[in-house]
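Each value in this text was obtained by applying a stated rule to the coordinates, not by laboratory testing. Remember, it's a predicted structure, so these values are computed and weren't measured experimentally. We place every Cβ from the backbone using ideal geometry, glycine too, and count neighbours over all the protein chains shown.
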């Protein structure tokens, strides 16, 4: 099929669509939607009037869609969704014109309630735009509709709150949520890891700059106060390298050092004292080996004792908390 034939088919389809959309009279839902499109195009052209024209275009579109869905209801499996479509447009107009992404959750939570109000409005008006009182059967149906949509809004609000928790406490998402009645872990791409694991990995990178390949006596002096030094490195990582989150206050970092053949074992440790499925908390461990290696000196060619740092991946969370106090702090207590 050549390009010309495809273009002719598209043009024919658009012409037929315009014919079907032609307003049968001036005051109709087709007129309102067409006016909305025209005002929207004008808003793009006249950028100085963009905010006002965008609101006018949105109002015309909402009225036109509400009129259309009332006259010709849109149904799915026999259930009318016209009020939901209109409610979505109203929420987008109310909370979208401010250009603030933080208002999007508010729009989502308000959507069911606005849709319920849209569905109830026709029951309070006669055809002559006169107020009327719905009969008891209609009032009962409206009450049920309002309560169902209120329940939906509550669940949506709960979802927004949980999502906010997970943003400020990402380690909760890395926890074992299999027994949760409310939260189900949906994995897209790689699995989540606790915040503490990210911090320990970042500390390893900084350790390579501080003690890897350094003169052995300097490394031993560094290890004398390893616990406090690692705690200080964790503060630098959380404040300068990683995005700040509220859960940082619930992590505790430290280290322990033990001698080994031709070197030392250095364990980078992290305690999680926040909420989770383990009431007693848990800890993470990153094991490192610092070994002594002899290399030729640059100046005189004599052997020089230098350190070699090798670290393994962060361990899986283990139940319980570790005592991360330094020897000096233990003596004070």
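Spin-label pair residue 163-residue 48: with each label point 7 Å from Cα along the Cα-Cβ axis, the two points sit 3.9 nm from one another. Annotation: the residues 253, 68, sorted from fewest to most other C-beta atoms within 10 Å of their own C-beta, follow the order 68, 253. Once the Cα-Cα distance is subtracted from the 0.36 nm per residue extended length, the residue 103 to residue 143 segment shows a gain of 11.6 nm.
Counted by neighbouring Cβ atoms within 10 Å, the residues 27, 67 run from fewest to most as 27, 67. Rg and Dmax, both from the Cα atoms of segment 76-119 and both in Å, are 11.2, 36. Counting every C-alpha pair in segment 198-332, the share spaced more than 23 angstrom apart comes to 38%. Distance between the 7 Å Cα→Cβ label points at residue 123 and residue 77: 2.2 nm.
The stretch between residue 27 and residue 156, if pulled fully straight at 0.36 nm per residue, gains 42.7 nm over its current Cα-Cα span. Of interest is the spacing of the C-alpha centroids, which for segment 23-66 and segment 216-292 amounts to 61 Å.
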